[in-house]
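The values are calculated or read from the model by the stated rules, or taken from the named source; none is laboratory data. Quantities reported herein were computed from a predicted structural model and do not represent experimental measurements. All Cβ positions, even for glycine, are placed from backbone atoms using ideal geometry, and neighbour counts span all protein chains on display.
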Amino acid sequence: MSPELEQTLILGAEGLQSGTAIQKIERAMDFVQMRISWRYSDAAFPPPSFREVLKSGFGGCQHFAMLLAALLERAGIDVQLVTLKPAGEPGHVWLEAGDGGTKWVIDISKKTFFKPLLEVSAKAEQDPYSVEAYWYLNPERKFYEVR
């Protein structure tokens, strides 16, 4: 891990040791969004390194998701990276996180999407063409442990 990334994680984790899981997630999201702005060119493959992202302040969805995942892990919240690459579409990365009870879908790359998984499931059932159904509950999505 680069010294820049380690320092960023230490700084970000400072405010995540107290509060509810929702408060920790919201503070971690704010921390990441204050340090990285989304830029389409940084979502390309191969992606820029975290050193380059932290220096420039721009990154792709994978940078948002991975930095947020690392912070949430340090805060004691279970988290998985989720990816999807539909045919003919650019791929995307987001998170599913939980505190042993509630599980949330979190996507902060372009805008904030932070909803309980049960709410996402209900919306997807209600509207099969919704973003919830197409992306967040797509049966082709893949899960990765953060550890």
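Some notes on this structure:
- Checked against (1) modelled with pLDDT under 85; (2) crowded, with 16+ Cβ neighbours inside 10 Å, Ala75 passes all but a single condition, namely (1).
- Residue that is farthest from Cys61 (Cα to Cα), among those in the stretch 82-132 that are in contact with a Leu (Cβ under 9 Å, 6 or more places away or on another chain) and β-branched (Val, Ile, Thr): Thr102
- Residues of the stretch 34-58 classified as modelled with pLDDT under 70 and either surrounded by 13 or more Cβ atoms within 10 Å (Cβ to Cβ) or of a type in the set (S, T, N, Q) (or both), total: 4
- All positions within the stretch 1-33 that are among the charged types (D, E, K, R) and modelled with pLDDT of 80 or more: Glu14, Lys24, Glu26, Arg27, Asp30
- Residue ranges of strands (runs of 3 or more DSSP E) in the stretch 1-110 with at least 3 members aliphatic (A, V, I, L, M): 78-84, 92-98
- Within the stretch 78-107, the residues that satisfy the criterion of being touching a Cys at 6+ places or on another chain (Cβ under 9 Å) and buried (at least 16 other Cβ atoms within 10 Å of the Cβ) are His92, Val93, Trp94, Asp107.
- Residues of the stretch 9-29 satisfying the condition of being aliphatic (A, V, I, L, M) and under 22 Å from Arg51 (Cα atoms): Leu9, Ile10, Leu11, Ala13, Ala28, Met29
- Checked against (1) under 22 Å from Arg35 (Cα atoms); (2) under 16 Å from the mean Cα position of the chain (by Cα); (3) not polar (S, T, N, Q), Gly57 meets all criteria but (2).
- Among the residues making up the stretch 89-144, those that are in contact with a helix residue (DSSP H, G or I) (Cβ under 6 Å, 6 or more places away or on another chain) and without any contact (Cβ under 8 Å) to a residue 12 or more places away in the chain are Lys123, Ser130, Ala133.
- Counted residues, the stretch 111-139 - those being assigned to a strand (DSSP E or B) and either touching a His at 6+ places or on another chain (Cβ under 6 Å) or of a type in the set (Phe, Trp, Tyr) (or both): 2
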